[in-house]
Amino acid sequence: MAQTAEPADGFRTRGQPAAVAAARAMLRGGMPHALLLTGPAGVGKSTLANDIAAALLCRDPDPARHPCRECRGCRALEHGNHPDLHRLGTTGAGAMIPIGGPGREERGVRDLVRELSLLPVEGGARVAIVSAADRMTEDAQAAFLKTLEEPPPGTVLILTASDEERLLDTIRSRCVRVRLGPVPRRDVEALLVDAGLAEAPLAARLARLSGGRPGDAIALARAPSSLVIRGEVGRTLLDLIAATRTDRLRVGRDLLSRTAEMTAGISQAAEPGRPARTSRSRCATAAGGEAVPVVAPAEGATQEPDAPGPALRVPAAERRAAALALVAIWRDVVRDLALVRLGDPGGVRQVDLLDDLEAATQQVPSTFAAAQLDRLDTAGERLEGNVSPELVVDALALGWVA
């Protein structure tokens, strides 16, 4: 397998030559005060934002070496404690960026604006990275407009967004836009191998599964048990096509619980110092009859997983994340079904399911994939709109039929 070399100038973004070239050109010719990095989730927007921040905060006397990854500024950024790098991201059950401000529990846009009004600690450049800026509420976006139009001197604002259409036109018009696309499979493989996260065969499998999103590939490489669950979920979805309505409802809830385990495993692998909070997921009935996933206490708690007494409820944000992950796997299964029907099995992402996919195509009509993709798009929109994850999965399961 051909491997791509690491960039010579300290950039760590891989497989995005046009975006990296644009960033380099701006660093040489004058960085705009606001950048908007757009593209699908997991393609490297955060990595590029960090690369640009590192270059701006690097203290090496030779600008051509920025970021050098060796100076005091680069080392501080590497350890996450650079005083002139400010970050803002999503929070709360809805994974939104609120307006924030004094007296509000969650940190938001007004808190970032207040931080940027202070003088820089190091006396040089300052950088603010707003991750998932498309998750800003409308009032938060409105509160950010003035700072975005006239940031404090020496400040660069870097926004990342997977769905830029959710941003106000006035936000987008004040930013220089850099688009990132899916990363070539070979680059994803090389990244995994070079980072020591996977041997070549597993790297090839993960690169295929990730669909050009190295962030997804890295997450699964770090959480082998979650990779196993992902495969199980895909296989069960294919088996579910011929199931009864009752079985589809029951198994749909089980799949949501399994996907919650998968996302919990990925989160734990990303933060190895964080104690595991959950073990096997279960369900309880809430008021009104809605089944709500609950989990056993974390390791070290006094209650055993099967002991009597109340279990710990899964927070709404985690339930929604699990449902979104399930929808993403579901979409990949539908995509693979369509490719097999079109006679292109080489493009299938989960190749270990090829026999199951070929069998399933004999059970569904030619319009099945298009109809299911529409339903999955609707499910994703409903989840983003805070509809109950359990109800969304129920609807998908009932409609998952030839």
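The numbers here are math on the coordinates, done by the rules we state, and not lab data. Small disclaimer: the values here were computed from a predicted structure and weren't measured. Here Cβ is always computed from backbone atoms with ideal geometry, including for glycine, and neighbour counts include all displayed protein chains.
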Projected onto the charge dipole of region 156-233 (+1 at Lys/Arg Cβ, -1 at Asp/Glu Cβ, origin at the Cα centre), which of PRO182, LEU227, THR170 gives the Cα projection farthest towards the positive end? THR170
Region 18-171, Kirkwood Rh and Cα Rg, ratio Rg/Rh at 0.95
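Using only C-alpha atoms and all pairs of different ones, pull out the Kirkwood radius for region 8-98 in Å with one decimal. Before the final figure, lay out the partial values.
Numbers: mean 1/r = 0.0703 Å⁻¹.
Final number for the Kirkwood radius of region 8-98 is 14.2 Å.
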Rounded to the nearest 500, what is the 222 nm mean residue ellipticity of the chain from helices alone, with -39500 (n - 2.57) per DSSP H run of 4+ residues and division by all residues? -15000 deg cm²/dmol
Computed Rg/Rh for the chain (Cα atoms; Rh = Kirkwood radius) stands at 0.99
Net charge (Lys, Arg +1; Asp, Glu -1) of residues whose beta-carbon lies under 11 Å from that of THR263, THR263 excluded, is +2
Treat every Asp and Glu Cβ in region 121-162 as -1 and every Lys and Arg Cβ as +1, leave all other atoms uncharged, and give the resulting dipole magnitude about the Cα centre to the nearest 20 debye. 120 debye
Regarding region 341-402, what are the three Cα extents along the principal axes, ordered largest first, in Å? 37, 21, 16
For region 355-374 and region 105-123, what is the separation of their Cα centres, given in Å? 51 Å
Could you state, as a whole-number percent, how many of the C-alpha pairs of region 122-192 are farther apart than 15 Å? 61 percent
Can you give the charge dipole size of the chain about its Cα centre, rounded to the nearest 20 debye, using +1 on the beta carbon of Lys and Arg and -1 on the beta carbon of Asp and Glu? 420 debye
Determine the principal axes of the Cα atoms in region 34-79, then give the extent along each, sorted from largest to smallest and rounded to whole angstroms. 35, 21, 15
Report the gain in length on full extension from ARG12 to ALA195: 0.36 nm times residue separation, minus Cα-Cα distance, nm rounded to one decimal. 64.8 nm
So if the hydrodynamic radius of region 330-376 is defined as the Kirkwood radius over C-alpha pairs, what does Stokes-Einstein give as its diffusion coefficient at 20 °C and 1.002 mPa s, in µm² per second? 205 µm²/s
Net charge (Lys, Arg +1; Asp, Glu -1) of residues whose beta-carbon lies under 13 Å from that of GLY89, GLY89 excluded, is +1
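Exposed loop sites here are GluC sites (Glu not before Pro) in DSSP loop states with at most 16 other C-beta atoms within 10 Å. What is the longest stretch of the chain lacking them?
300-402
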Residue (of VAL20, THR137, SER267) at the positive-pole extreme of the chain, dipole from beta-carbon charges: VAL20
